[in-house]
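Asker: The structure's right below; bear with me while I get my questions together.
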Amino acid sequence: MNMDTIDYQGLLERVCEETRPLAGKGHAADYIPALAEISTDHFGMALIDTKGGLYSVGDADIPFSIQSISKVFTLTLALRELGNEVWSRVGREPSGHPFNSLIQLENEQGIPRNPFINAGALVVADMLLEAHPDPRDKILTFVRMLSANNSILIDERVALSEKRAAHRNAALTHFMKSFGNIGGEVEDVLNLYCNHCSIAMSCIDLARAFRFLAQKGIHQRFEEPVLTFSLTKRLNSLMMTSGLYNESGEFAYRVGLPAKSGVGGGIVAVLPGHFSMAAWGPGLNERGNSLRGIEALDRFTTISGLSIF
């Protein structure tokens, strides 16, 4: 297919219409009370190509809680600061378990399988606390730069709601600290983690922010690459193998794009060399990923033939 003649807007509109029967299906992330209030009728998609063309449909401009999508931003900052030293404290393998599982940590001496499960993201948060005096502000500034939107904020209500429900994450952090893999105070790590998960962004914001992963680490708003080509390749590969937790294999089979999901209902996907795109549907499946979002991305790559395979 000639990439210059693809009707991205028409594709998004077709996918939105074909997945309309899934509106209201699935369940909101009710273990975080503030997210349980979000209507599962919402749906939006946005795509930005490497030439800067922006296409969107539905609720693409409505901010929502990005949750675990934020782990890509924190990992990117850690890689910028520490490079491959990051991998001395967190692995690069799919977990095969739910995102908040404690099962593997004891057998693997407190080293999380990858940076996208909760345990791994908590370790990355600890790294950022060690590297920066105000990592919360550092993350927010970084996200605003990537998305070209200085109005992006942390939803303090969601952050507080998440912190009150963070018993499993607290257990994970204490457990890793007992193995020496958390250097800071548990409370500080949890606060930073809950704050970055509570960043509110729209599909348009996310598509723009992930554009560097479609462009070998290059972003128009940065004087130097966000990441080296090598680290960009590795980050995309981690999203491919671990970005949707224990549904990553199924997503790779159906969609065929590196991606990262969050329990706020968002999914961001990248086709290196071509585009970054985001979908939002708050109704989740049994594995905590957007039901309509996965179906929409599946249809997009199936209809267009655009995937890494």
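Asker: Which is outside any loop (DSSP other than H, G, I, E, B) and either of a type in the set (Val, Ile, Thr) or free of Cβ contacts under 8 Å to residues at least 40 places away in the same chain (or both), of GLU295, GLU250, GLU286?
Answerer: On the way: GLU295 fails: either of a type in the set (Val, Ile, Thr) or free of Cβ contacts under 8 Å to residues at least 40 places away in the same chain (or both); GLU286 fails: outside any loop (DSSP other than H, G, I, E, B).
When all the criteria are applied, what remains is GLU250.
Asker: Restricting attention to the range 154-168, report how many residues are in a helix (DSSP H, G or I), among the charged types (D, E, K, R) and surrounded by 20 or more Cβ atoms within 10 Å (Cβ to Cβ). Outline the logic, then answer.
Answerer: Residues of the range 154-168 in a helix (DSSP H, G or I): 156-164, 167-168.
Those still in the list that are among the charged types (D, E, K, R) too: 156-157, 162-164, 168.
Add one more test, that the residue is surrounded by 20 or more Cβ atoms within 10 Å (Cβ to Cβ), and what stays is 162.
Residues meeting the conditions: 1.
Asker: Right, next: Does ARG136 meet the test of being among the charged types (D, E, K, R), outside any helix (DSSP H, G or I) and closer than 24 Å to CYS194 by Cβ? Reasoning before the result, please.
Answerer: On the way: among the charged types (D, E, K, R): yes; outside any helix (DSSP H, G or I): no; closer than 24 Å to CYS194 by Cβ: yes.
No: the conditions fail for ARG136.
Asker: Got a sec? Which helices (runs of 4 or more DSSP H) wholly within the range 1-112 have at least 2 residues that are touching a strand residue (DSSP E or B) at 6+ places or on another chain (Cβ under 7 Å) and modelled with pLDDT of 95 or more? Quick ask: steps written out before the conclusion?
Answerer: Numbers: elements: 8-18, 33-36, 70-82, 103-107.
Here the list reads 8-18, 70-82.
Asker: Follow-up question, since we're still on this one. Looking only at residues in the range 178-189 that are in contact with a helix residue (DSSP H, G or I) (Cβ under 8 Å, 6 or more places away or on another chain), assigned to a helix (DSSP H, G or I) and in contact (Cβ under 8 Å) with a residue 40 or more places away in the chain, which one is farthest from ALA121 (Cα to Cα)?
Answerer: The qualifying residue farthest from ALA121 (Cα to Cα) is ASP188.
Asker: Given the structure, is ALA171 under 29 Å from GLY110 (Cβ atoms) and either in contact (Cβ under 8 Å) with a residue 24 or more places away in the chain or crowded, with 20+ Cβ neighbours inside 10 Å (or both)? Steps first, please.
Answerer: Working: under 29 Å from GLY110 (Cβ atoms): yes; either in contact (Cβ under 8 Å) with a residue 24 or more places away in the chain or crowded, with 20+ Cβ neighbours inside 10 Å (or both): yes.
The answer is yes for ALA171.
Asker: Based on this model, can you work out whether ASP7 counts as surrounded by 14 or more Cβ atoms within 10 Å (Cβ to Cβ), acidic (Asp, Glu), more than 30 Å from GLU156 (Cβ to Cβ) and out of contact with any Leu (no Cβ under 9 Å at 6 or more places or on another chain)? Spell out the reasoning first.
Answerer: Numbers: surrounded by 14 or more Cβ atoms within 10 Å (Cβ to Cβ): no; acidic (Asp, Glu): yes; more than 30 Å from GLU156 (Cβ to Cβ): yes; out of contact with any Leu (no Cβ under 9 Å at 6 or more places or on another chain): yes.
Taking the combined requirement at face value, the residue does not satisfy it.
Asker: Then there is this: Considering only residues of the range 253-275 that are in contact (Cβ under 8 Å) with a residue 60 or more places away in the chain and assigned to a loop (DSSP other than H, G, I, E, B), which is surrounded by the most Cβ atoms within 10 Å (Cβ to Cβ)?
Answerer: GLY265
The values are calculated or read from the model by the stated rules, or taken from the named source; none is laboratory data. It should be emphasised that the depicted structure is a prediction, and the values quoted were computed from it without experimental measurement. Methodologically, a virtual Cβ is constructed for each residue, glycine included, from the backbone with ideal geometry; neighbour enumeration extends over all protein chains shown.
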